[in-house]
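A.B. asks: Structure incoming, see below.
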Amino acid sequence: MIWRADLAPPTIRSEQNCHPCPQNNRSPTLGKDIGRQVHLARCPRIRTVYNLPGLWQMVIMPASGSRHDGTALALQGEGSHGAFTWGVLDALFESGVKPDAVSGVSSGAILAAMAAQGFARDGQDGARSAMAKFWNRVAATDWLTTIAKAFGHWLPRFEIGRDVSNTIAMQGLSAMTSMFGPLSVNPLGQNPLRPILADLLDQPALYDPAASTLYIAATAVDTGRPRIFSNAEITIDALLASPCLPSVFPAAIIDGVAYWAGAYSGNPPLAPLNARQPRRLILVRAQSRQRVGVPEKPTEILNRIQELAFQTAVEAELSMLPAQTHLIEYNADAALAGLPPASRLNTERALLDRLFYAGRAAHRAAEAA
């Protein structure tokens with residue numbers, strides 16, 4: 001459970017934001033304000049409350065007998081590049097991993113939610129199935145078509161480029177988003193992920209004690225501070241806020257606050273995971289940490305600047321990793337080599353499958369090392 005930094009310390013909270021208490025098997029419900037100490041006293045999954053710069057955090061421990069294995073996952077996404085994260089997770093879950101807690105941003109946040117509800121339904125197999133359903137829907141929807149139709153009426157013959165190649169269309173869309181705001185490029189404010197999540201998100205499953213504790217990040221536009229959504233706060237809007245690219249989509253509005261992608265403030269945020277002092281932390285990097293050569297094209301330069309900024313945030317938090325926590329990293333550098341920056345918007349089946357299998361191969365390589 002997370003309290004935003006712009007709120008007072010959590011002396012009073014509503015039950016609607018409380019993680020369900022396994023002792024009485026209650027789901028979060030609307031109710032009268034209750035004192036924090038009352039909740040702490042009655043809920044055995046609350047271990048501690050701690051203060052971090054900009055965050056108040058209540059650590060929610062796994063329910064006894066929930067078969068978690070002391071593992072925390074930190075998941076990057078970066079649009080379609082999150083298919084690499086999907087591949088790594090698919091292999092991890094196939095090998096028997098069940099995480100206590102998961103932190104995620106962008107498509108990594110959506111994967112975290114899908115996996116958590118899948119675990120609650122049918123263990124590792126359920127998690128793998130839920131993630132696959134999401135990406136299958138993304139590939140079938142071909143989100144570029146939605147955006148193209150939104151502004152194709154004033155961008156002459158855009159569809160010609162799209163008919164030739166999705167990659168060509170991606171390059172054109174990248175150029176357009178660098179010159180115009182989201183309301184010009186996407187005047188209807190459409191987000192093709194909304195109907196997908198409306199069909200697939202199972203919020204009650206996230207309340208189940210068998211579900212991992214989730215920390216989904218979005219960035220407040222006005223303050224630049226992160227807001228972390230935990231299980232009972234995760235809605236379609238929260239999952240749309242985490243990957244919200246301001247050049248393509250209007251800011252996500254939640255509780256009257258505008259949010260952009262969570263990677264701007266944490267990629268993903270590790271503080272909630274570090275506070276749990278996990279036995280091991282598995283970090284899946286879906287953005288290039290290292291690139292060969294110096295970018296020269298304007299779009300490539302801006303992309304590399306963004307990558308460096310995003311990686312700086314996670315590197316700073318890695319320096320505060322608990323001494324007893326073993327860090328395992330999977331990076332997508334080889335899988336993303338040669339792909340243009342705009343490929344993060346490409347939802348063609350071939351690209352998603354390529355990155356998925358690259359993620360699984362990265363896991364096999366790590367196991368063999």
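A.B. asks: Pull up segment 342-369, narrow it to residues that are of a type in the set (D, E) and assigned to a helix (DSSP H, G or I), then point me to the one that is nearest to L111 (Cα to Cα). Explain how you work it out, then say what you get.
C.D. replies: Going through segment 342-369, the residues of a type in the set (D, E) turn out to be 348, 353, 367.
Retained after the next criterion (residues that are assigned to a helix (DSSP H, G or I)): 353, 367.
On the way: D353: 16, E367: 22 Å.
Among those residues, the one meeting the criterion is D353.
A.B. asks: Are there any pairs with C-beta distances below 8 angstrom linking a residue in segment 332-350 that is over 20 Å from I301 (Cβ atoms) to a residue that is basic (K, R) and surrounded by 21 or more Cβ atoms within 10 Å (Cβ to Cβ), with the two at least 6 apart or on different chains, and if so which?
C.D. replies: What qualifies is A332/R285.
A.B. asks: Turning to a different aspect of this structure: Does segment 281-304 include one or more residues that are among the hydroxyl-bearing types (S, T, Y) and buried (at least 22 other Cβ atoms within 10 Å of the Cβ)?
C.D. replies: Scanning segment 281-304 turns up at least one residue that is among the hydroxyl-bearing types (S, T, Y) and buried (at least 22 other Cβ atoms within 10 Å of the Cβ).
A.B. asks: For S319, state whether it is farther than 20 Å from A218 by Cα and either among the polar types (S, T, N, Q) or more than 19 Å from the chain's Cα centre (by Cα) (or both). Full working, then the answer.
C.D. replies: Numbers: farther than 20 Å from A218 by Cα: yes; either among the polar types (S, T, N, Q) or more than 19 Å from the chain's Cα centre (by Cα) (or both): yes.
It is true that S319 is farther than 20 Å from A218 by Cα and either among the polar types (S, T, N, Q) or more than 19 Å from the chain's Cα centre (by Cα) (or both).
A.B. asks: All but one of (1) under 25 Å from S80 (Cβ atoms); (2) open to solvent by 50 Å² or more (accessible area, probe 1.4 Å) hold for A217; which doesn't?
C.D. replies: A217 satisfies all of (1) under 25 Å from S80 (Cβ atoms); (2) open to solvent by 50 Å² or more (accessible area, probe 1.4 Å) except (2).
A.B. asks: Quick check on this structure: which one of P195, P204 is under 20 Å from R137 (Cα atoms), open to solvent by 40 Å² or more (accessible area, probe 1.4 Å) and modelled with pLDDT of 90 or more? Even if it seems obvious, please write down each step before you answer.
C.D. replies: On the way: P204 fails: under 20 Å from R137 (Cα atoms).
Going through P195, P204 in turn, the sole match is P195.
A.B. asks: What single numbered condition from (1) touching a residue at least 12 places away in the same chain (Cβ under 8 Å); (2) in a loop (DSSP other than H, G, I, E, B); (3) farther than 17 Å from V105 by Cα; (4) out of contact with any helix residue (DSSP H, G or I) (no Cβ under 8 Å at 6 or more places or on another chain) fails to hold for C244?
C.D. replies: (3)
A.B. asks: Within segment 254-266, count every residue that is among the aliphatic types (A, V, I, L, M), outside any helix (DSSP H, G or I) and either over 22 Å from Q190 (Cβ atoms) or touching an Asp or Glu at 6+ places or on another chain (Cβ under 8 Å) (or both).
C.D. replies: From segment 254-266, those among the aliphatic types (A, V, I, L, M) are 254, 257-258, 261, 263; that's our starting set.
Cutting the leftovers down to outside any helix (DSSP H, G or I) gives us 254, 257-258, 261.
Of the ones still in play, those that are also either over 22 Å from Q190 (Cβ atoms) or touching an Asp or Glu at 6+ places or on another chain (Cβ under 8 Å) (or both) are 254, 257-258.
The qualifying residues number 3.
A.B. asks: In segment 70-115, which residues are touching a Pro at 6+ places or on another chain (Cβ under 8 Å) and either free of Cβ contacts under 8 Å to residues at least 40 places away in the same chain or in a loop (DSSP other than H, G, I, E, B) (or both)?
C.D. replies: If the condition is that a residue be touching a Pro at 6+ places or on another chain (Cβ under 8 Å) and either free of Cβ contacts under 8 Å to residues at least 40 places away in the same chain or in a loop (DSSP other than H, G, I, E, B) (or both), then G70, Q76, G77, D100, V105, S106 are the ones that fit.
A.B. asks: Looking only at residues that are in a helix (DSSP H, G or I) and β-branched (V, I, T) in segment 277-323, which one is modelled with the lowest pLDDT? Break it down into steps so the answer makes sense when it comes.
C.D. replies: Of all residues in segment 277-323, those in a helix (DSSP H, G or I) come to 298-318.
Now narrow it down to the ones that are β-branched (V, I, T): 299, 301, 305, 312, 314.
Details: T299: 69, I301: 75, I305: 74, T312: 76, V314: 84.
It comes out as T299.
A.B. asks: Being open to solvent by 40 Å² or more (accessible area, probe 1.4 Å), within 19 Å of E94 (Cα to Cα) and either among the hydroxyl-bearing types (S, T, Y) or assigned to a helix (DSSP H, G or I) (or both) is the filter here; which residues of segment 325-341 pass it?
C.D. replies: Within segment 325-341, none qualify.
A.B. asks: If you don't mind, there's one more thing I want to ask. Hey, does segment 342-360 have a residue that's under 23 Å from K98 (Cβ atoms) and either touching a strand residue (DSSP E or B) at 6+ places or on another chain (Cβ under 7 Å) or surrounded by 20 or more Cβ atoms within 10 Å (Cβ to Cβ) (or both)?
C.D. replies: Yes, segment 342-360 contains a residue that is under 23 Å from K98 (Cβ atoms) and either touching a strand residue (DSSP E or B) at 6+ places or on another chain (Cβ under 7 Å) or surrounded by 20 or more Cβ atoms within 10 Å (Cβ to Cβ) (or both).
A.B. asks: Take the residues in segment 253-265 that are open to solvent by less than 30 Å² (accessible area, probe 1.4 Å), within 22 Å of E307 (Cα to Cα) and in contact with a strand residue (DSSP E or B) (Cβ under 6 Å, 6 or more places away or on another chain); name whichever of them is modelled with the lowest pLDDT.
C.D. replies: G262
A.B. asks: Now a separate question. Could you please give the count of residues in segment 221-235 that are open to solvent by less than 20 Å² (accessible area, probe 1.4 Å) and closer than 15 Å to P272 by Cα?
C.D. replies: The total comes to 4.
A.B. asks: Can we say P269 is surrounded by 14 or more Cβ atoms within 10 Å (Cβ to Cβ), part of a loop (DSSP other than H, G, I, E, B) and at pLDDT below 90?
C.D. replies: No: the conditions fail for P269.
The values are calculated or read from the model by the stated rules, or taken from the named source; none is laboratory data. Remember, it's a predicted structure, so these values are computed and weren't measured experimentally. Don't worry about glycine lacking a Cβ; one is built from the backbone with ideal geometry, like all the others, and counts go over all protein chains shown. Note: accessible area is taken over every heavy atom of the protein model, side chains too, but ligands, DNA and RNA are not part of it. Shrake-Rupley method; radii C 1.70, N 1.55, O 1.52, S 1.80 Å.
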